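A.B. asks: Structure below; questions to follow.
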Amino acid sequence: MRAVFVVVLALSLVVLLPEAAWACPVCFDSSDENRQAFIATTVFLSLLPLGMVAGAGLYVRKRSRDLTDESSNSESLD
C-alpha cells in the first residue's frame with residue numbers, strides 16, 4: 001500500500017510541477033563549445049557502465065578458460 005502511495009505522489013508531482021523537471025541551462029547554451037562538452041560528457045557517461053560490464057564479462061570468461069585449461073592439464077598428468 002505504501003509503494004502505491006509513493007508512486008501516486010511522485011506522478012502527481014510530475015503532473016502538477018512540470019517546470020521542476022527542466023534540464024540545466026548548460027543543455028540549452030548557445031555556445032557551441034559548451035554544447036559539445038555536454039554531448040561528449042553524455043556519451044562518456046553512457047558508455048562507461050557498458051564498458052565496465054563488458055570488461056567484467058571478459059575477465060570472467062578468461063578466468064573460466066584458464067581454470068578449465070588448468071584442470072585439463074592436471075588430469076592429463078595423472
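A.B. asks: Would you pick out the residues in the range 1-30 that are surrounded by fewer than 10 Cβ atoms within 10 Å (Cβ to Cβ), part of a helix (DSSP H, G or I) and either at pLDDT below 65 or among the small types (Gly, Ala, Ser) (or both)?
C.D. replies: Ala3, Ala20, Ala21, Pro25
A.B. asks: Identify the single condition in (1) of a type in the set (Asp, Glu); (2) surrounded by 10 or more Cβ atoms within 10 Å (Cβ to Cβ); (3) modelled with pLDDT of 80 or more that Glu33 does not satisfy, given that it satisfies every other one.
C.D. replies: (2)
The values are calculated or read from the model by the stated rules, or taken from the named source; none is laboratory data. Just so it is clear, the structure is predicted and the values come from calculations on it, not from any experiment. Cβ sites come from the backbone with ideal geometry, for glycine too, and all protein chains shown count toward neighbours.
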